[in-house]
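Asks: Shown below is the structure under consideration.
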Amino acid sequence: MKTTNIYANLRAEMARLGIGVQDIATVIGVDRSTARRKLSGRGEFTLTEVRTISDTLFSGMSLRYLFTPEKD
């Protein structure tokens, strides 16, 4: 099962904007390992977390663009 790039667009935008895993963890109120697990697809983001990440760190980008999983 491929999980490293499950959110390829989100990861690409994180890299482009200099946003790290710790930044994601901070805005959703979890520790770094939990954020890493969610970003890799081994955990799930809640709708509230998705909205918070989008509104706080990626203003103007659609949820669908950021959080649509990459297809195998």
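Asks: From the residues in region 40-72 that are aromatic (F, W, Y) and in a loop (DSSP other than H, G, I, E, B), which one is most open to solvent (accessible area, probe 1.4 Å)?
Replies: F45
Asks: Can you run down the residue pairs with Cβ atoms below 9 Å, 6 or more apart or on separate chains, where the first is in region 40-57 and closer than 15 Å to R11 by Cβ and the partner is of a type in the set (K, R) and open to solvent by 30 Å² or more (accessible area, probe 1.4 Å)?
Replies: G41/K2; R42/R36
Asks: Going through region 8-39 one residue at a time, which ones are touching a residue at least 12 places away in the same chain (Cβ under 8 Å), open to solvent by 30 Å² or more (accessible area, probe 1.4 Å) and under 14 Å from E70 (Cβ atoms)?
Replies: Across region 8-39, the qualifying residues are A8, N9, R11.
The values are calculated or read from the model by the stated rules, or taken from the named source; none is laboratory data. Bear in mind that the values here come from a model prediction, so they are computed numbers and not experimental data. For neighbour counting, all protein chains shown are included, and Cβ atoms are generated from backbone atoms with ideal geometry for every residue, glycine included. The accessibility values were calculated without ligands, DNA or RNA, using every heavy atom of the protein model including side chains. Shrake-Rupley method; radii C 1.70, N 1.55, O 1.52, S 1.80 Å.
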